[in-house]
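Shown next, in structure tokens, is the structure this report addresses.
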Amino acid sequence: MRSLSWLGGEAAGHDAGDKVAVVVDRLTGEIRDAHIFVAVLGASSLSYAEASWTETLPDWIAAHVRALEAFGGAPALFVPDNAKVAVIKACLYDPQVNRSYAEMAAHYDSAVLPTRPRRPRDKAKVEACVLIVERWLFGRLRHRIFYSLAELNAAIGDLLADLNDRRIMRRVGQTRRQLFEAIDRPALKALPLEPYVFAEWRRRRAGLDYHVEIERHYYSVPYRFAREPVEARITARTIELFHKGERIAAHMRGSGNGRHTTISEHMPSSHRRFADWTIERIATEAAAIGPCAALLCEKILTDRPHPEQGFRACLGIVRLVKGFGRERVEAACCRALDIGARTYGSVRSILDNRLDQAPAPRQARDDRTITHPNIRGSRYYH
């Protein structure tokens, strides 16, 4: 029962309790369950709880950050259970902690020590506090109706103040707050100046154009890392890219609009050399398909701020020959030029819907002069 031997400021246990129904629409009465997060300091039993919509990693991390702010310091250890949000692989000897969770703990100069698998007594105080929240707090809330998560959290905060500051623990004759001030507060580590910002890690591979796709936006890395595997650290505002543990690029996060964010220093000086593909080779391959394909690829490369940004689209168009044949791809490129399309997706859509085999719609030419009060005549300009 490791939770009975924690010293002051040594550990904080975390768990997810029951759910609370919250009315999210006053008109329809739609109800949504809110999940309760509970944190308890090991020595004093000072408790913190809050409600969130989910038990996913972003909500889990954010709840930890707010709990530490409420405690006014960080413990040496975080002691969660073996939920997937905290522990990737439970193991008695060497558990694998979620990378973002471990990073958050390191930000506060702490470490993560999960409980042993199927050993709930390792954090008995947290389990007991969950019962207190469910029986004591929820017992006072069950007859109330909440119309927002903020309203529910405000009510939980008021009741927690009563639990921590005024409710006497019979075994020690003191409140949790009094024990906290005497035992835990002096031993807690000071919080850093900036709170931890949630970051998600993803594995990616840099493309032929030395850009990495993240949620339909493309971010550049130095061109020498083209086709190399990278790791992306994603926050709400920034994108950081790492190669073998070294940060090679950092960008402000862009919207998922299919556009590119390129740092000029990442581009090759010649704008030509790019593994075994070059602008000349793309032009040659496109010309081999036909004049429309060559013109379309030329326009794609010209329209982009940097030619490398058009590599993906042009390369995709060239490779369509394998699946649809040279004649059909050429016809699709001609139709794309007619309608002003300049993307690989447009050419692929034309082929998928067999529009390349349909006659192009002809618009009848009308040379009649249009008379309308909102149209200025030639006399306006002279």
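Using r as the Cβ-Cβ distance of residue 357 and residue 255, and R0 as 35 Å, what FRET efficiency do you calculate, to the nearest 0.05? So the FRET efficiency works out to roughly 0.45. Diffusion of segment 181-267 by Stokes-Einstein, at 25 °C in a medium of 0.890 mPa s and with Rh set to the Kirkwood radius over alpha-carbon pairs, works out to 170 µm²/s. Residues whose amide H comes within less than 5 Å of that of residue 175, counting only those at least five positions distant or on another chain, are 169 (H built at 1.01 Å from N in the peptide plane). Stretching residue 28 away from residue 158 to a fully extended chain increases their span by 43.9 nm, per 0.36 nm per residue minus the current alpha-carbon distance. Pairs of Cα atoms nearer than 8 Å and 6+ residues apart set the relative contact order; for segment 18-114 it is 19 percent. Once backbone amide H atoms are built at 1.01 Å from N, residue 21 has 34 as its partners under 5 Å, excluding neighbours fewer than 5 places away on the same chain. Legend: calculated FRET efficiency, residue 322 to residue 203, from the Cβ-Cβ distance at R0 = 35 Å, rounded to 0.05, equals 0.80.
Values quoted throughout were computed directly from the atomic coordinates according to the rules given, and no laboratory measurement underlies them. The model shown is predicted, which means the values in this text are computed figures rather than measured ones. In this analysis, Cβ positions are derived from the backbone assuming ideal geometry, glycine residues included, and neighbour counts consider all displayed protein chains.
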